[in-house]
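In what follows, a structure is listed as structure tokens, so that the remarks can point back to it.
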Amino acid sequence: NEADLAFLASHDTDGFNRWDSAQRLYTAVILKILGKEPFQESLDRVVESFGRTLNDETINDDSIRAYTLILPGESTLSESVQVIDPSAIREARKQVKKTIARKFKSEIAVAYDQLTAAMEADGDTFKVDGVSVGRRKLRNVYLGYLCAISETVEEQKEAAELATKHFNDAKGMTDKLAAFNILASMSGKGESAREEAIRKFYDEAEGDSLVLDKWFAVQADADLPDVLERVEKLVNHPDFNLTTPNRCRALILTFSANAAPFHDES
């Protein structure tokens, strides 16, 4: 039951078991929201479990902490329902993520700053050891939660500034893509930051085909109401060629997998 899952997600010493229990717990509350069932008790368990994992000093592997804090993806959630409503799944998932983000905003911000300071202490050296990889993963997870808070004008500005700094300071593609994915879906007061990031990522690619594939894919996967129109414009971009498999996959296939807008009622 959910109480057992919450206990395992909060205390299990095996990283995989902890991740698996958390995923099942997250899924349970999202499915209740989708089914219009009472969900507050389940959400309370999720919030409590998340907080324990966030602040558990016995976890010495940042990768384990990161994966345990990530909500299941939309495609994974789709496997748990009989009738798939992509837009409803996206909104339910976002509701849970925003609730968590608001509850632990200050703690997440402190943890993000601590990881940033640790990475800055390494100087310009880009490290690929396990500790560094885990640190980047966890910091990017924290970034996603902090930028999920974007209802008010001030929150939109704050999220845009944080993601832009993360983007500009990135020493590798992992961090840059994490920020770019978030920026690409920004609207309101984050719109100018979004357009600047799109321009800068393209310019910095300097024609590199693999990087340009990422540029197309991120925009096709954006959570924006006009993403279809954006994809249609990108089809006519000078760097898009329908006969180039990887470029076609990056734009067209990515958009087809962006279930909410691809299956929009319109």
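Would you say Ala109 is open to solvent by 20 Å² or more (accessible area, probe 1.4 Å), in a helix (DSSP H, G or I), under 24 Å from His166 (Cα atoms) and not charged (D, E, K, R)? Break it down stepwise before answering.
On the way: open to solvent by 20 Å² or more (accessible area, probe 1.4 Å): yes; in a helix (DSSP H, G or I): yes; under 24 Å from His166 (Cα atoms): yes; not charged (D, E, K, R): yes.
In short, yes.
Taking region 198-210 as the range and being open to solvent by 40 Å² or more (accessible area, probe 1.4 Å), more than 17 Å from Leu224 (Cβ to Cβ) and of a type outside the set (Asp, Glu) as the test, the residues that pass are Lys200, Tyr202, Gly207, Ser209, Leu210.
Scan region 6-25 and tell me whether some residue there is of a type in the set (Lys, Arg) and not in a helix (DSSP H, G or I). Scanning region 6-25, I find no residue that is of a type in the set (Lys, Arg) and not in a helix (DSSP H, G or I), so the answer is no.
In the set Glu195, Glu154, which member is assigned to a helix (DSSP H, G or I), closer than 27 Å to Thr244 by Cα and open to solvent by 40 Å² or more (accessible area, probe 1.4 Å)? Please lay out each step first, then the result.
Details: Glu154 fails: closer than 27 Å to Thr244 by Cα.
On inspection, the qualifying residue turns out to be Glu195.
Considering each residue of region 32-44 in turn, at least one proves to be on the phi < 0 side of the Ramachandran plot, open to solvent by 60 Å² or more (accessible area, probe 1.4 Å) and not in a helix (DSSP H, G or I).
Are any of the residues in region 18-30 open to solvent by less than 30 Å² (accessible area, probe 1.4 Å), modelled with pLDDT of 95 or more, hydroxyl-bearing (Ser, Thr, Tyr) and more than 23 Å from Gly134 (Cβ to Cβ)? Yes, because at least one residue in region 18-30 is open to solvent by less than 30 Å² (accessible area, probe 1.4 Å), modelled with pLDDT of 95 or more, hydroxyl-bearing (Ser, Thr, Tyr) and more than 23 Å from Gly134 (Cβ to Cβ).
Could you pull out the residue among Asn246, Asn241 that is farther than 23 Å from Leu77 by Cα, open to solvent by less than 100 Å² (accessible area, probe 1.4 Å) and part of a loop (DSSP other than H, G, I, E, B)? I'd like the intermediate steps shown before the answer.
Values: Asn246 fails: part of a loop (DSSP other than H, G, I, E, B).
Asn241 is the lone residue from the list that is farther than 23 Å from Leu77 by Cα, open to solvent by less than 100 Å² (accessible area, probe 1.4 Å) and part of a loop (DSSP other than H, G, I, E, B).
Close Cβ contacts (under 7 Å, 6 or more residues apart or on different chains) running from residues in region 174-188 that are surrounded by fewer than 21 Cβ atoms within 10 Å (Cβ to Cβ) to residues that are of a type in the set (Gly, Ala, Ser) and at pLDDT 95 or above comprise Ser185/Ala222.
Within the group Val218, Val235, Val231, Val227, which residue is among the hydrophobic types (A, V, I, L, M, F, W, C), open to solvent by 40 Å² or more (accessible area, probe 1.4 Å) and closer than 21 Å to Ala259 by Cβ? Step through it out loud before you land on a result.
Working: Val218 fails: open to solvent by 40 Å² or more (accessible area, probe 1.4 Å); Val231 fails: open to solvent by 40 Å² or more (accessible area, probe 1.4 Å); Val227 fails: open to solvent by 40 Å² or more (accessible area, probe 1.4 Å).
So the residue among Val218, Val235, Val231, Val227 that is among the hydrophobic types (A, V, I, L, M, F, W, C), open to solvent by 40 Å² or more (accessible area, probe 1.4 Å) and closer than 21 Å to Ala259 by Cβ is Val235.
Can you find a residue in region 79-98 that is open to solvent by 30 Å² or more (accessible area, probe 1.4 Å), touching a residue at least 40 places away in the same chain (Cβ under 8 Å), among the β-branched types (Val, Ile, Thr) and part of a helix (DSSP H, G or I)? Within region 79-98, none of the residues are open to solvent by 30 Å² or more (accessible area, probe 1.4 Å), touching a residue at least 40 places away in the same chain (Cβ under 8 Å), among the β-branched types (Val, Ile, Thr) and part of a helix (DSSP H, G or I).
Within region 45-73, track down each residue that is open to solvent by 80 Å² or more (accessible area, probe 1.4 Å) and either without any contact (Cβ under 8 Å) to a residue 24 or more places away in the chain or not charged (D, E, K, R) (or both). Quick ask: steps written out before the conclusion?
Step one: filter region 45-73 for residues open to solvent by 80 Å² or more (accessible area, probe 1.4 Å), giving 48, 52, 55, 57-58, 60, 67.
Answer for region 45-73, where residues must be open to solvent by 80 Å² or more (accessible area, probe 1.4 Å) and either without any contact (Cβ under 8 Å) to a residue 24 or more places away in the chain or not charged (D, E, K, R) (or both): Asn55, Glu57, Thr58, Asn60, Tyr67.
Could you look through region 112-123, keep only residues that are of a type outside the set (S, T, N, Q) and surrounded by 15 or more Cβ atoms within 10 Å (Cβ to Cβ), and pick out the one that is farthest from the chain's Cα centre (by Cα)? Please lay out each step first, then the result.
First, pick out the residues of region 112-123 that are of a type outside the set (S, T, N, Q): 112-113, 115, 117-123.
Checking which are surrounded by 15 or more Cβ atoms within 10 Å (Cβ to Cβ) leaves us with 112, 115, 119.
Working: Tyr112: 15, Leu115: 18, Met119: 20 Å.
Result: Met119.
Being more than 27 Å from Lys127 (Cα to Cα), touching a Gly at 6+ places or on another chain (Cβ under 9 Å) and acidic (Asp, Glu) is true of Asp239. Applying a threshold of 6 Å to beta carbon distances and a minimum spacing of six or more residues, or different chains, the list of pairs starting in region 233-248 at a residue that is acidic (Asp, Glu) and ending at one that is open to solvent by less than 40 Å² (accessible area, probe 1.4 Å) and outside any loop (DSSP other than H, G, I, E, B) reads Asp239/Leu212. Among the conditions (1) open to solvent by less than 30 Å² (accessible area, probe 1.4 Å); (2) modelled with pLDDT under 95, Gly134 misses just one, which is (2).
The values are calculated or read from the model by the stated rules, or taken from the named source; none is laboratory data. Bear in mind that the values here come from a model prediction, so they are computed numbers and not experimental data. We place every Cβ from the backbone using ideal geometry, glycine too, and count neighbours over all the protein chains shown. The accessibility values were calculated without ligands, DNA or RNA, using every heavy atom of the protein model including side chains. Shrake-Rupley method; radii C 1.70, N 1.55, O 1.52, S 1.80 Å.
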